[in-house]
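The values are calculated or read from the model by the stated rules, or taken from the named source; none is laboratory data. Being a predicted model, the structure only gives us computed values, none of them experimental. Methodologically, a virtual Cβ is constructed for each residue, glycine included, from the backbone with ideal geometry; neighbour enumeration extends over all protein chains shown.
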Amino acid sequence: MKKLLYTSLVALTLGASACTVADIQRTVDGVMAGTGGGAVTQNEVASGLKQALEVGITKGSNQASQTDGFYKNSLIRIPFPPDVQKVENTLRQVGLGKEVDRFVMTLNRGAEDAAKSAVPIFVNAIKQMSIADAWGILKGDKDAATQYLKRTTSTQLQNAFMPVIQQSLEKTNATRYYTDLVTQYNQIPLVQKVNPNLDEYATQKAMDGLFLLIAQEEANIRENPIARTTELLRRVFAKENQS
């Protein structure tokens, strides 16, 4: 009942055309006074959401950066570039299946290696989140914070992350293996020559995988009290889920 009352009052406040952050705060203050807990301040909500993202980013990146973090996770494993799927099929038909498999493994190894450097890039990107953004995220879907991060920072993150993934692909020899495969394919009679950009593809797929893992961690923080590893997270998200 308390949760229903809380949600209804906040929804009415958010729906008012002249609503301000102060209006929202006053509504929440009043509701919280009746629920036995102190009011969650504007700054606490913003800080709590940023902490939630940082926790999700750190856990997601750590998970992805482990050996087989990408390669053996069916949700984020990076396949042979789909726009040149015919290359993979043809190479397998001419007996180069092992070489294709080696490339796919090293491609994922490159993403795993690059994930180690993702945390500071992602954390830096959330620093511009406003208080108003945080309020909207707090009452949004279970991946609202992750979607906000994707929507507002993807271009910036891609530009920052591409050099990292490029170095990792070179480190794991994925670039060399890919060049060898494309060269061999282009030498097959009558095929249409290809030369897609591996760095762009791997960067986007690595980012997609990290965002997916971050979304899972965000949902876990929202739903599971044990996942709230700081007092601020417990305070903010307990108010959201209070019944």
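Would you mind stating whether VAL119 is more than 23 Å from LEU53 (Cβ to Cβ) and surrounded by 14 or more Cβ atoms within 10 Å (Cβ to Cβ)?
no
Mind checking which helices (runs of 4 or more DSSP H) fall wholly inside the range 31-146 and carry at least 2 residues that are of a type in the set (S, T, N, Q) and either more than 21 Å from the chain's Cα centre (by Cα) or more than 27 Å from THR229 (Cβ to Cβ) (or both)?
Values: elements: 42-65, 85-93, 97-115, 118-125, 131-138.
It comes to 42-65, 85-93, 97-115.
Quick test of your reading of the structure: SER154 fulfils all but one of (1) under 22 Å from LYS50 (Cα atoms); (2) in a loop (DSSP other than H, G, I, E, B); (3) of a type in the set (S, T, N, Q). Name the failing condition by number.
Of everything listed in (1) under 22 Å from LYS50 (Cα atoms); (2) in a loop (DSSP other than H, G, I, E, B); (3) of a type in the set (S, T, N, Q), SER154 misses just condition (2).
Condition first: within 25 Å of ARG109 (Cα to Cα), without any contact (Cβ under 8 Å) to a residue 24 or more places away in the chain and under 19 Å from the mean Cα position of the chain (by Cα). Now tell me which residues in the range 147-181 satisfy that.
Correct list: THR155, ASN159, PRO163.
Which condition number in (1) at pLDDT below 65; (2) touching a Phe, Trp or Tyr at 6+ places or on another chain (Cβ under 6 Å) is the one that GLY30 fails?
(2)
Hey, can you tell me all the residues within the range 134-153 that are buried (at least 18 other Cβ atoms within 10 Å of the Cβ) and not polar (S, T, N, Q)?
ALA134, TRP135, ILE137, LEU138, ASP143, ALA144, ALA145, TYR148, LEU149
Looking only at the range 195-205, which residues are part of a helix (DSSP H, G or I) and free of Cβ contacts under 8 Å to residues at least 24 places away in the same chain? First the steps, then the outcome.
Of the residues in the range 195-205, the ones part of a helix (DSSP H, G or I) are 198-205.
None; the set is empty.
Mind listing whichever residues of the range 182-194 are in contact with a helix residue (DSSP H, G or I) (Cβ under 6 Å, 6 or more places away or on another chain) and either free of Cβ contacts under 8 Å to residues at least 40 places away in the same chain or closer than 21 Å to LYS205 by Cα (or both)?
The first filter runs over the range 182-194 and keeps only residues in contact with a helix residue (DSSP H, G or I) (Cβ under 6 Å, 6 or more places away or on another chain), leaving 185, 193-194.
Selection gives LYS193, VAL194.
Determine whether GLN192 is closer than 20 Å to SER61 by Cα and either at pLDDT below 90 or assigned to a helix (DSSP H, G or I) (or both).
Values: closer than 20 Å to SER61 by Cα: no; either at pLDDT below 90 or assigned to a helix (DSSP H, G or I) (or both): yes.
So GLN192 fails the test.
In the range 77-102, which residues are at pLDDT 85 or above, surrounded by 11 or more Cβ atoms within 10 Å (Cβ to Cβ) and of a type in the set (D, E, K, R)?
ARG77, GLU88, ARG92, GLU99, ASP101, ARG102
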